[in-house]
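Written out below as structure tokens is the structure these notes cover.
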Amino acid sequence: EESVAWEWAELLIEANSFALCTPPGNGFQRSFLSGPESVFGTNALSQYFATLSLYQHRLFAFMISIVGDNARLVRYDHAGAVVSASFNYVYHPELLAMFVYRYVNMSSEQRGFDPTATLASATDTRLFRRLADSYPAGSHLATTLKEAAAPRWPIYKLALTCPWSSDERPVRISSPVTTRHFLIGRPLKRSHGTGRKSRRAYVAWDENRKSVVLIKDYWRDDSPSCLTEFEVYVKMWEHPADEMFIPYLLGGGDVVHNGQSQRTLTETFIVDQHLNSRVHTRLVIKQVCRSLVTFENCRELVSVVHDALRAHERAWTEFGILHRDIGARSILIYDKDTGRGTRAIGLLCDWDLATIKEKARSEARSQYGRVGTWQSMSAALLNWPGKAHRLSDDLESAMHLLTWCALKYLPHEYTNQPFRLSKRIFDLYDIIQPDGLGSPLKLEYVIAVRPFVPGLPKNHPFKILLFRLGLLLRTHYHIAHPDAIDELYDQLDPNSPLPEVSPLLGHAAVLGVFEDALNFPVWLGLQKLVDQCQREFISSVNVPTDQPTSQIKAGCV
């Protein structure tokens, strides 16, 4: 990656000489999109497009894939790839020549470049690269602005036409639609992937407000079962509370150019009713936050997750919204100025998989029903993929998030044993079985209340917290099979109080355990360590039982 100038790349060409990859017509009747050789090819193209989209603002990109004397033309966007039929460019060089000729005569927009993101002028570039000097050295803003102005990364100016707050209050439905401009550089946070996985967060300079903001850039799944993240924030901020524990949204929404939202096209060429289009979305947030994994100590980790659960409770009880993606990426840490210093608070974000209570009750159980972050997904969802996603699954995710963070960043029995630690994290959180199921060990541990993080100090409030959460989960799982628990949900009168059947049918029991731990007077020991096992997140969005998460959607035309 370092040897390629991805920030300036135009047309990507992949060349292979594998004999077994020769397309039909030269002795091998194999399709480019099937068989072990093609898995390598399509995954490689996916990685190329993901890397290109990381350095550039691309809606789609064209590629040429060459295998021996044969070639295919590829159009890749954030929903997948559309691939041409194979042709022999030695015998038919005019096909390849015509494609290249037409490509060089296209406009930048026709080549897939985002017209709402243009290279900044020399003046704007100098301004952005000097912003870090305006803030105290070593502060979070100074550090992030310096990273954003990294020398290799060009500075872009974004033009966002959408509803904007005009009075420093959170954006509302009635807010006027105007165009504002922002300067951005290297992403503050980024995930290497396409579609929903290509989420990026930028620390940006707001030219209108003359201040630093955070911009979230991603491609949301245009699914009728999900609310948009913009809708969730607007709905909750219309009825503010003393403590919201969600990001302060200044504006944003679907990216619009010339009156049209930016969407993928791959799904229109593929006969797959489960492949939805994706819509380009940008959200502008007032707070420039830290990621969850930058927590300073064990108590801060517990405190910010507790804050996020309070936002989750309010969304569920007051607005009937279920988050469905509790994970390390969906909780931010904001260092709030209290007048006497700063206090770390947790903000629950990434509401793009949220649904309303009525849809959660009537959601059809199917193999496409699992959504969320794989590592923190409930044992029931991992092992019963036809199970509908319920409130209890989100509450269980909070415990798995704590144990996952603890194994990576806190001292325990596997500290200084990287192989054993890596195997434990894989077996409990990362494994995807051939049939699409998740970790059977996670289910075993939940039912038996076995410690996910062995070797924590005796009587430490964090160890007691995990044990008490484990007892709540065991009680929940011992009531009935997960499908029977779902039926219990369906039978509940939404206007009546929840029966005392499972502690995970409401938030009170889980929040009570968190609050008891946070009220503990002494939190000594368990100093945070550097990441002991650097593993990537696995975002599982609509994962069927018979295919791995990494499979890309591709079509042949």
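The count of lysine pairs in region 89-236 with alpha-carbon distances below 14 Å, taking only pairs 8 or more places apart or on different chains, stands at 4. Residues of region 144-185 with amide nitrogen under 20 Å from the 7 Å Cα-to-Cβ point of ALA137? Within reach of a label on ALA137: 144-151.
Show ASP124, ASP114 ordered by accessible area, largest first, where the area counts protein heavy atoms only and the probe is 1.4 Å. Could the numbers behind the result be given before it?
Working: ASP124 25, ASP114 5 Å².
From most exposed to least exposed: ASP124, ASP114.
Give me the lysines in straight-line cross-link reach of LYS336: C-alpha distance below 16 Å, same-chain residues under 8 apart excluded. LYS336 reaches LYS286.
Calculate, for ILE356 and SER121, the FRET efficiency according to 1/(1 + (r/R0)^6) with r their C-beta to C-beta distance and R0 60 Å; round to the nearest 0.05. Could the numbers behind the result be given before it?
Values: r = 45 Å, r/R0 = 0.74.
The computed FRET efficiency comes out at 0.85.
Listed by chain and number, the lysines whose alpha-carbon sits under 28 Å from that of LYS458, ignoring those within fewer than 8 places in the same chain, are LYS408, LYS423, LYS442, LYS528.
Rounded to the nearest Hz, the phi-derived 3J(HN,Hα) couplings of region 276-284 under the Karplus curve 6.51 cos²θ - 1.76 cosθ + 1.60 (θ = phi - 60°) are 8, 6, 10, 10, 6, 9, 10, 10, 9, where x marks glycine and proline. Computed with a 1.4 Å probe on the full set of protein chains, the accessible area for HIS181 sits at about 70 Å². Solvent-accessible area of TRP164, all protein chains in place: 0 Å² (probe radius 1.4 Å, heavy atoms, ligands and nucleic acids excluded).
In a DSSP loop and with at most 13 other Cβ atoms within 10 Å, the GluC sites (Glu not before Pro) in region 278-385 are GLU296. Residue by residue, region 171-180 carries 3J(HN,Hα) couplings of 4, 10, 4, 7, 5, x, 8, 9, 10, 10 Hz when phi is fed to the Karplus relation 6.51 cos²θ - 1.76 cosθ + 1.60 (θ = phi - 60°); x denotes Gly or Pro.
At q = 0.14, 0.17, 0.23, 0.31 Å⁻¹, what is the base-10 log of I(q)/I(0) for region 78-118 according to the Debye formula with one equal point scatterer per Cα and no solvent? Please give it to two decimals. Ignoring solvent entirely, the Cα scatterers give -0.48, -0.66, -0.91, -1.03.
Between amide H atoms placed 1.01 Å from N, distances below 5 Å from GLU14 occur with ILE64, SER65, ILE66, all of them 5 or more places distant or on a separate chain.
Per residue, the convex hull around the alpha carbon atoms of region 46-138 comes to 151 Å³. The order of LYS408, LYS458 by accessible area, most exposed first and with a 1.4 Å probe, is LYS458, LYS408. When the square roots of the Cα gyration tensor eigenvalues are ordered a ≥ b ≥ c, the ratio a/c for region 385-489 is 1.5 or more and a/b does not exceed b/c, which makes its shape oblate. Once both labels are positioned 7 Å from their Cα atoms along Cα-to-Cβ, the gap between ASP335 and GLU109 label points is 4.2 nm. Of interest is the spacing of the C-alpha centroids, which for region 460-481 and region 154-185 amounts to 44 Å.
With a cut-off of 8 Å between alpha carbons and a minimum separation of six or more residues, what is the relative contact order of region 110-189 in percent?
Numbers: 108 pairs, mean separation 24.5, N = 80.
Computed value for region 110-189: 31 percent relative contact order.
Projecting the Cα atoms of PRO154, LEU73, LEU141 onto the charge dipole of region 60-159 (Cβ charges, centred on the Cα centre) puts LEU141 farthest toward the positive pole.
Given a Förster distance of 35 Å, report the FRET efficiency between HIS239 and THR161 from their Cβ-Cβ distance, rounded to the nearest 0.05. Each step should come with its number before you reach the end.
Numbers: r = 27 Å, r/R0 = 0.78.
Here the calculated transfer efficiency is 0.80.
The values are calculated or read from the model by the stated rules, or taken from the named source; none is laboratory data. Note that this is a predicted model, so its numbers are computed, not measured. Here Cβ is always computed from backbone atoms with ideal geometry, including for glycine, and neighbour counts include all displayed protein chains. The accessibility values were calculated without ligands, DNA or RNA, using every heavy atom of the protein model including side chains. Shrake-Rupley method; radii C 1.70, N 1.55, O 1.52, S 1.80 Å.
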